[in-house]
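Input: a single structure, listed below in structure tokens.
The values are calculated or read from the model by the stated rules, or taken from the named source; none is laboratory data. Everything numeric in this text was worked out from a predicted model, so none of it was measured. Every residue, glycine as well, gets a Cβ built from its backbone with ideal geometry; the counts of neighbours run over all protein chains shown.
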Amino acid sequence: MAITSIKNLKEFSTNNERLEGAHLLCPGCAHSMIVRELLNCTDDNLVVATNTGCLEVSTAVYPYTSWDTSWIHIGFENAATAAAGAEAMYKARKRKGTLKDPDAPVKFVAFGGDGSTYDIGFQWLSGAVERGHDFTYICLDNENYANTGGQRSSATPTGAHTSTAQAGRVSYGKKQKKKDMVAIMAAHGAPYVAQLSPNKWKSMAKGFQKALETEGPCFINTVSACTTEWKFDPKDTIHVTDLATDSLMFPIYEIINGTELNILYRPKNIIPVEEYLAAQGRYRHLFKPENRHVIDMIQKEVNEKWEYLQRREEARV
Amino acid sequence: MAEKMELNEIEVWDGNHAAAQALRQAQVDVVAAYPITPSTPIVEGYGAFMANGYIDGEFVMVESEHAAMSGCVGASAAGGRVATATSSQGFMLMIEVLYQASGMRLPIVLNVVNRAVASPLNVRGDHGDMYAGRDSGWIQLDAFNAQEVYDLNLCAFKIGEDINVRLPVMVHQDGFTTSHTAQNIRPLSDDEAYAFVGDFKPVDEMLDFSKAVTYGAQTEEDWHYEHKAKQHRALMDSYTVIDRVFEEFEKKTGREYKRLETYMMDDAEVAIVALGATVETCILAAKQLREEEGIKAGVVAPRCIRPFPFNEMRDVLANVKAVATLDHSAPMGAMGMLYNEVAGAMVSTQDRPLITNFIYGLGGRDFSINEAKRIFREQKGHADVGYITTEIQQFSGLRGPKLGFYEMKRS
Amino acid sequence: MKGVLATDKRGVRELGAEEMVGWDEVTQGVVLPSFDQPIGNAALLRPEERAYSDFNSYTATVASWRVIKPVYNRDICIDCQNCWVWCPDTSIISRDKQMLGIDYDHCKGCGVCVEVCPTNPKSLLMFAEAEAPEDALAKWPEKKKKEKKD
């Protein structure tokens, strides 16, 4: 595989972009930062499948496409299966000798938001990973159905306000915990699973390249700060993402073959989750006196998760 | 390379095995499928070919029918021959993706082994699933027996993949009645069959990396209408290719297919319009009535449900006095589909026959030759007095009080 | 330079103002070709070397989305490429490890590039959309002294 140099940003910047501008994503959207980085991690030909969601409705609205690669969108739930189908066709045609350029290196990639990954497309993803197709699935996790105006998903964290899990006089927002998708995908025995974040571009690029290079199904959950629904200024996307990784709300780690867990980023100064929450309008209500306990609860869970990840890393099981 | 299979001049196959054999001979590149009664033996049969070295393509057993059609769409856009099979609930789960496949103009072949749709759950044959697909933008071919299942599968690839068509094609057969009933089949040899179907010709393939293509873009009000209208036109115009492929098939095998099949219609006074295995029942009934009672009965059967053979229907029924349309699906609040299609065709001509509608055989209830004869006789009664003497829509073979709706309005 | 910063087809069409092409031009199956001719793997070609089709959003502009715009000061820039890697709109034009400028056809004015710029003073600053680049550069702030922490 033709992986590109990620030694430093200068080297990385010599890549030729394959996601064009004038897509319709919001100013400051992290989705396109993540997608661009994936596309720049390899020079191989790509077949990209995308679930319905912000990325899809913003990059392929007739009469425009922003993709300089082969690209397909079918429905909300089935990008993993579209990629799997294309991958199966590639294998069949390679065997039969009907490919136009049989030696051209190719990678299969699927993108989905957390709505299509954690919720409606969960089964399709699970099936494609279980069958062992050679593809990389990347979840652009902005923790809500941003494309339809910010409804809750099973990736929405406790305490966040969404339009279908609202904060109000008698509610502090979403009551349930965020689904641990990384653990679920690791439990499939996928050869490479990770949670990565665009503010740590190099660890993200390394993870992307590992996934692309690994034969078999790989899953990566990426943190995609959503200026519109998390409610922060578009210029602050990377700042908010820094708070996410440094408060350990989004720990960055990989799990190889379902067992070997490696933490990929240890903040020098771990900041309280309160700072992360305070930077976003969706958590504003938590700073009312009656909701203080929710912040304490979130902090406790973050601490426990970090402890768990470190013990898993140490135990190598 | 896949091994060839030596076939006898006459094989004993049921409809499912006939479909599996046709898929093998067409050298499908990707079959993505999920098993469901009564179509399961198609994918089981294909799996057996796979396990024994008869298949070069990929066989992807997915986790649901929705995923089966999703995998087919991804595979087809990647530029190769694709097929699958399903029934009933699986078909219903697939419906979202059926529209996406046709909208993207992907020539996938889907074997639909017709079965009733729950609730209540039922594994037997009726046409509930087939009818649910009629607005999905697919060409729908209907086989009335196992030989036709085999023949129409080979034709389906050639029709759908034609550069002037590029549409997905369903091949329907009746659950159990056709799918599980073994009969004598005359297959082509592997070489002849593949030569007839021909190599797949990719269009806008995702695996041609010299030019990137985007599949599945969104279109809003400025563009959606033209796209859907164009898709409709492609479906309407596909009849020329269907006719040509049927002609080529006849030259090769001597077996003749028409988009609208007609039996004993030259001098028919009364007719039944039906689909599926029932057509054969009605043909036998018509023959017997002609011999025993001198009733000039005939049978009309759309081989092609979509595009609907509107002109052909109008022509063949022009001189018929009374017609019964038989719908093997619960109409739920309206006349049955065949009634509506036939009435729609006949209302555009001066010579309108009296048209009635029978709902029959839901959930696999038997439809006998005697019942077909009774329906013919009833039409003869209408023809003789010049009006419909019964309710326009009736339920055939239903227990309890007679169920019927609407009467003819006479001035 | 002109050929890189503004190639012939880039940003020539306002979104939503496309000519409503007729019946024949509507593509079969809504398939959109990214390029007019087979160009091979785009990863091996720079944008100015690609035969973009009219269906590629490269040919469209979102400049009208902007109310403020980033202005680039070459004199201070250290070509770290932070702005390049985090630009959500593929609007930082970099070639051969050098930052060349901003693609104003595709920039939406989010301001991320300014936030991630590490130089002192920053090499990218936001100005009103109407501000002329030379006026903006004339107003560039001096190097900030590090504030002592209390």
Just one listed residue, out of B:Ser70, B:Ser87, is crowded, with 18+ Cβ neighbours inside 10 Å, among the hydroxyl-bearing types (Ser, Thr, Tyr) and in contact with an Asp or Glu (Cβ under 7 Å, 6 or more places away or on another chain), and it is B:Ser87
Considering the range B:353-380, residues that are within 21 Å of the chain's Cα centre (by Cα), of a type outside the set (S, T, N, Q) and not in a helix (DSSP H, G or I), and then whichever is nearest to B:Arg290 (Cα to Cα), we arrive at B:Phe367
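When you look at A:Ala79, is it more than 7 Å from chain B (Cβ to nearest Cβ), within 18 Å of the chain's Cα centre (by Cα) and over 21 Å from C:Cys87 (Cβ atoms), yes or no?
Yes.
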The condition from (1) at the interface with chain C (Cβ under 7 Å from one of its Cβ atoms); (2) outside any helix (DSSP H, G or I) that A:Ser32 misses is numbered (2)
Of A:Gly53, A:Gly21, A:Gly85, the only residue that is away from chain C (no Cβ under 14 Å) and under 26 Å from C:Glu14 (Cβ atoms) is A:Gly53
Considering the range C:31-41, residues that are in contact (Cβ under 8 Å) with a residue 12 or more places away in the chain and in a loop (DSSP other than H, G, I, E, B), and then whichever is farthest from the chain's Cα centre (by Cα), we arrive at C:Gln37
Scanning the range B:111-154 residue by residue, the ones that are of a type in the set (A, V, I, L, M, F, W, C), surrounded by 24 or more Cβ atoms within 10 Å (Cβ to Cβ) and not in a loop (DSSP other than H, G, I, E, B) total 9
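Conditions tested, residue by residue: (1) in contact with a His (Cβ under 9 Å, 6 or more places away or on another chain); (2) assigned by TED's automatic domain parsing to the domain that holds B:Gly386; (3) at positive phi.
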position	(1), (2), (3)
B:Gly333	no, yes, yes
B:Gly336	yes, yes, no
B:Ile355	no, yes, no
B:Tyr360	yes, yes, no
Only one of (1) closer than 19 Å to A:Met33 by Cα; (2) surrounded by 17 or more Cβ atoms within 10 Å (Cβ to Cβ); (3) within 10 Å of chain A (Cβ to nearest Cβ); (4) of a type outside the set (S, T, N, Q) does not apply to C:Met126, and that is (1)
The condition of being among the polar types (S, T, N, Q) and surrounded by fewer than 24 Cβ atoms within 10 Å (Cβ to Cβ) holds, among B:Gln27, B:Gln21, only for B:Gln27
- In this structure, is A:Ser66 over 16 Å from B:Glu58 (Cβ atoms), within 7 Å of another protein chain (Cβ to nearest Cβ) and in contact with a His (Cβ under 7 Å, 6 or more places away or on another chain)? yes
Check your understanding: Does A:Pro157 count as assigned to a loop (DSSP other than H, G, I, E, B), closer than 18 Å to A:Asp114 by Cα, touching a strand residue (DSSP E or B) at 6+ places or on another chain (Cβ under 8 Å) and in contact (Cβ under 8 Å) with a residue 60 or more places away in the chain?
Key -> no
The residue from A:Ser58, A:Ser70, A:Ser154, A:Ser66 that alone is surrounded by fewer than 24 Cβ atoms within 10 Å (Cβ to Cβ) and either modelled with pLDDT under 95 or under 30 Å from C:Arg50 (Cβ atoms) (or both) is A:Ser58
message: Against the condition over 17 Å from B:Phe200 (Cα atoms) and either in contact (Cβ under 8 Å) with a residue 60 or more places away in the chain or surrounded by 24 or more Cβ atoms within 10 Å (Cβ to Cβ) (or both), how does B:Phe157 come out, does it pass?
response: no
Reported set for the range A:163-215 where residues are small (Gly, Ala, Ser), out of contact with any strand residue (DSSP E or B) (no Cβ under 7 Å at 6 or more places or on another chain) and either buried (at least 22 other Cβ atoms within 10 Å of the Cβ) or at positive phi (or both) is A:Gly189, A:Ala205
From the option list B:Glu226, B:Glu280, B:Glu261, B:Glu247, single residue qualifying as under 21 Å from the mean Cα position of the chain (by Cα), assigned to a helix (DSSP H, G or I) and either surrounded by 14 or more Cβ atoms within 10 Å (Cβ to Cβ) or among the polar types (S, T, N, Q) (or both) is B:Glu280
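To keep it simple, each residue is scored yes or no on (1) in contact (Cβ under 8 Å) with a residue 40 or more places away in the chain; (2) in a helix (DSSP H, G or I); (3) over 23 Å from the mean Cα position of the chain (by Cα).
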| position | (1), (2), (3) |
| --- | --- |
| B:Glu205 | yes, no, yes |
| B:Gln231 | yes, yes, no |
| B:Glu256 | no, no, no |
| B:Ala285 | yes, yes, no |
Exactly one of B:Glu250, B:Glu312, B:Glu220, B:Glu291 is without any contact (Cβ under 8 Å) to a residue 60 or more places away in the chain, under 30 Å from A:Ser58 (Cα atoms) and not aromatic (Phe, Trp, Tyr), and that residue is B:Glu220
Matching residues in the range B:206-229 (of a type outside the set (Gly, Ala, Ser), more than 22 Å from A:Cys54 (Cβ to Cβ) and more than 7 Å from every other protein chain (Cβ to nearest Cβ)) number 2
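Could you list all residues from the range B:36-48 that are in contact (Cβ under 8 Å) with a residue 40 or more places away in the chain and either in a helix (DSSP H, G or I) or surrounded by 21 or more Cβ atoms within 10 Å (Cβ to Cβ) (or both)?
If the condition is that a residue be in contact (Cβ under 8 Å) with a residue 40 or more places away in the chain and either in a helix (DSSP H, G or I) or surrounded by 21 or more Cβ atoms within 10 Å (Cβ to Cβ) (or both), then B:Ile36, B:Pro38, B:Ser39, B:Pro41, B:Ile42, B:Val43 are the ones that fit.
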Restricting attention to the range B:99-128, the residues that are in contact (Cβ under 8 Å) with a residue 60 or more places away in the chain and over 26 Å from B:Leu326 (Cα atoms) number exactly 10
Per the filter on the range A:232-248, residues part of a helix (DSSP H, G or I) and among the hydrophobic types (A, V, I, L, M, F, W, C) are A:Ile238, A:Val240, A:Leu243, A:Ala244
Practice prompt. Inspect all residues belonging to the range B:301-321 and state whether any of them is touching a Phe, Trp or Tyr at 6+ places or on another chain (Cβ under 7 Å) and among the polar types (S, T, N, Q).
Written response: no
Next item on the list: Kindly indicate whether any position in the range A:198-216 is closer than 30 Å to A:Tyr172 by Cα and at pLDDT 95 or above.
Entry: yes
Filtering the range C:100-116 for residues that are crowded, with 24+ Cβ neighbours inside 10 Å and more than 7 Å from chain A (Cβ to nearest Cβ) leaves a count of 2
If we keep only residues of the range C:28-39 that are over 18 Å from C:Thr90 (Cβ atoms) and in contact with an Asp or Glu (Cβ under 9 Å, 6 or more places away or on another chain), then the residue farthest from the other protein chains (Cβ to nearest Cβ) is C:Asp36
Contact list, first residue from the range A:5-29 and without any contact (Cβ under 8 Å) to a residue 12 or more places away in the chain, second anywhere and among the small types (Gly, Ala, Ser), beta-carbon distance below 6 Å, six or more apart or interchain, is A:Glu11/A:Ser5; A:Ser13/C:Ser94; A:Asn16/C:Ala43
